[in-house]
Amino acid sequence: MLDKIKKALDQIRVERVVAVFVFIVIVGFFISFNFQNQTTGFAVKNDGCEDGTKDKECSIEKPLYCDSGKLIEDCEACGCVLGQSCEYTENKMQCIIAE
């Protein structure tokens, strides 16, 4: 009889440990889910590119142009480095070594 009581108590302890573990996992999941897309409450205006160039302006690194937060090559708008010229080749305008 005593052995049956000990086995029953052991089973209850195991079930409690499993229940606590499952509870912790569920709570952790909900906490991490709630913070994934949380904003700070402050509006942040993205008005430029990763190199510090303002939107719709040329970068100091020619011929790069900041267009909606992305640096793109635009030699027509920004020119080329010394010794290169902006010419139409391979179906687009690009900087090539001046002859």
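Here are the numbers for this structure:
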| quantity | calculated |
| --- | --- |
| Karplus (6.51, -1.76, 1.60) ³J(HN,Hα), θ = phi - 60°, over the stretch 81-90, in Hz, Gly and Pro reported as x | 6, 4, x, 10, 10, 8, 9, 7, 9, 6 |
| Sorted peptide list for 53-59, 83-89, criterion being average Cβ within 10 angstrom, highest first | 53-59, 83-89 |
| Two-site label geometry, GLN11 and GLU61: point separation in nm, points 7 Å out along Cα→Cβ | 6.8 |
| Likely footprinting exposure, LEU82, LEU64, fewest C-beta neighbours within 10 Å first | LEU82, LEU64 |
| Mean shadow area of the stretch 43-99 over all directions, Cα convex hull, nm² | 4.1 |
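Each value in this text was obtained by applying a stated rule to the coordinates, not by laboratory testing. This is a predicted model, so every value here is computed, not measured. Here the Cβ is made from the backbone with ideal geometry for all residues, glycine too, and neighbour counts use every protein chain on show.
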